[in-house]
1. So for the pair GLN124, ALA109, with labels modelled 7 Å out along Cα→Cβ, what separation do we get in nm?
2. Quick check: from the Cα gyration tensor, does the stretch 127-241 come out rounded (a/c under 1.5), prolate or oblate?
3. Testing the spin-label approximation: label points 7 Å from Cα along Cα→Cβ at LEU172 and ARG64. State their distance in nm.
4. Would you please give the residues with an amide H less than 5 Å from that of VAL179, counting only those at least 5 places away or on a separate chain, with H modeled from the backbone geometry?
5. Figure the gain on full extension for VAL179 and LEU101 (residue separation times 0.36 nm, minus the Cα-Cα span) and round it to one decimal in nm.
6. May I ask you to derive the FRET efficiency for ILE75 and GLN215 from their Cβ-Cβ distance with R0 = 45 Å, giving the value to the nearest 0.05?
7. What residues of the stretch 172-196 lie in the reach of a label at GLU84, counting those whose backbone N is under 16 Å from a point 7 Å from the Cα along Cα→Cβ?
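Coordinate-derived values only; no laboratory data. Because the structure is predicted, anything quoted here is derived from the model rather than measured. Cβ sites come from the backbone with ideal geometry, for glycine too, and all protein chains shown count toward neighbours.
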Amino acid sequence: MENSDDLCSMEGDVDGRGNINNASRAPSTSTAPASSSPYKLFRRQSSFHQMMGGGKAADVILWRWRRGSFGIIVIATVAWLLFEHSGLPFLSVCSDILLVLTVLLFLRANYAAYKNKQLQTLPQLVLSEEMVNNAAASFRVKINYMLLMAHDITLGKDFKLVFKVVIVLWLLSTIGSMVSIFTLTYIGAIMFITVPALYSRFEAHVDRCAGKLHQQFTRHYRIVDESISRLPRNVAKDKDH
């Protein structure tokens, strides 16, 4: 941390001095390695707001529209308390909520027509052909990627991929044995609305720590991968002896 701050202050001093000092430091900057660029989580090239999709959805997730973000937390909490502690069936509760909303909206429209009041114009919700094609194309790419992963796992080509899948499935199995599906969904919703906002606020520190963890994980993975790749050769040599 202190070294990086010193380097930043040195760069600021160089910018404020003049062409002579800039020319004298030019050889040192030109010989700097290109791999010194800071590590970005998810290896993204754009901003985190653009990575989240941009627009109102990203504003809600990153707490730029606080009312919408807080409303999602309240709705998720009420739904979790309703389904987890009331013991009511999920399908019955959803049907009752939709039934009440349908009746209220119908009565509201007819009451406004009876009183000669004009309701607010609602936007027409229509799925365009372009949106459907884009969603289908994205879904097809993800399905093909999953099939390719399954193909590589079956043939035993990628040990790193197998290791990731095993860890994820083991974590899901462990978490699923401790909490219910509603609690897991509630935790996921709360994390989805809070973790990206926290990351956006402390982006530099998180990227720095993630870069160090990524380097350590890559080094340990190479050690394990080399050990496993050498294992069949050693066994073959032992059989020959």
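1. About 1.5 nm separates the two model spin labels.
2. On the way: a/c = 1.98, a/b = 1.53, b/c = 1.30.
Cα axes put the stretch 127-241 in the prolate bin.
3. 3.2
4. Under 5 Å from the amide H of VAL179 lies no amide H from a residue far enough along the sequence or on another chain.
5. Details: separation 78, 0.36 × 78 = 28.08 nm, distance 3.11 nm.
Full extension from VAL179 to LEU101 adds 25.0 nm.
6. Numbers: r = 41 Å, r/R0 = 0.90.
Once rounded, the FRET efficiency stands at 0.65.
7. Label zone hits: 175-194.
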